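These notes are about the structure you will find just below.
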Amino acid sequence: MTEDTVLSRETIARLTLNTEPWLSCDACFEQVDVALEALFGSSVPPVAELRAHLRGCATCHEEAQSLAALVADQYDMAASVAVARLDIAITTAGA
Ligand SMILES: [Zn+2]
């Protein structure tokens, strides 16, 4: 390899992050809408598997953020507030 691959600090952090307990992207996708409902509807944080997956998987994290923004209306929240609540829940709850 002659070219250097530049990894951002964030990418490195994601790649080296402990993503246990493990969850597949498919399982994450199946659970995320119910998890958002529980979080926004009754302040129940996502289960550990889901939190770990969303911290470590950029694709699912982005999808979850989009979904949070989409359902925000149903809970009388601004989209940005819903996304922030999701991020706070996956980074702090039970950690
Ligand atoms: Zn994923």
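The values are calculated or read from the model by the stated rules, or taken from the named source; none is laboratory data. Every value quoted in this text rests on a predicted model; they were computed, and no experiment measured them. Note that we place each Cβ from the backbone using ideal geometry, even for glycine, and neighbour counts take in every protein chain shown.
With the structure loaded, tell me whether Glu30 is under 11 Å from the mean Cα position of the chain (by Cα), acidic (Asp, Glu) and either more than 24 Å from Arg9 (Cβ to Cβ) or more than 13 Å from the ligand (Cβ to nearest atom) (or both) or whether it fails that test. So Glu30 fails the test. Going by the conditions given, is Ile88 loosely packed, with under 15 Cβ neighbours inside 10 Å, within 11 Å of the chain's Cα centre (by Cα) and assigned to a helix (DSSP H, G or I)? Here the answer is yes, as Ile88 does meet what is asked.
Whenever a residue of region 59-74 is surrounded by 13 or more Cβ atoms within 10 Å (Cβ to Cβ), its partners that are at pLDDT 95 or above and hydroxyl-bearing (Ser, Thr, Tyr), lying with C-beta atoms within less than 8 angstrom and at least six residues away or across chains, give the pairs Ala69/Ser80. Take the conditions (1) out of contact with any helix residue (DSSP H, G or I) (no Cβ under 9 Å at 6 or more places or on another chain); (2) within 21 Å of Arg85 (Cβ to Cβ); (3) not aliphatic (A, V, I, L, M); Gly41 misses just one of them, which is (1).
Checking each residue in region 46-78 for being within 10 Å of the ligand (Cβ to nearest atom) and among the hydroxyl-bearing types (Ser, Thr, Tyr) picks out only Thr59. All of (1) assigned to a helix (DSSP H, G or I); (2) within 14 Å of the ligand (Cβ to nearest atom); (3) more than 17 Å from Gln65 (Cβ to Cβ); (4) among the polar types (S, T, N, Q) hold for Thr19 with one exception: (1).
Based on what the data block shows, is Arg14 of a type in the set (Lys, Arg), within 16 Å of the ligand (Cβ to nearest atom), at pLDDT below 95 and more than 9 Å from the chain's Cα centre (by Cα)? Judged against the criteria, Arg14 is a match. Being touching a Ser or Thr at 6+ places or on another chain (Cβ under 9 Å) and not in a loop (DSSP other than H, G, I, E, B) is the filter here; which residues of region 29-53 pass it? Residues satisfying the conditions are Arg51, Ala52, His53.
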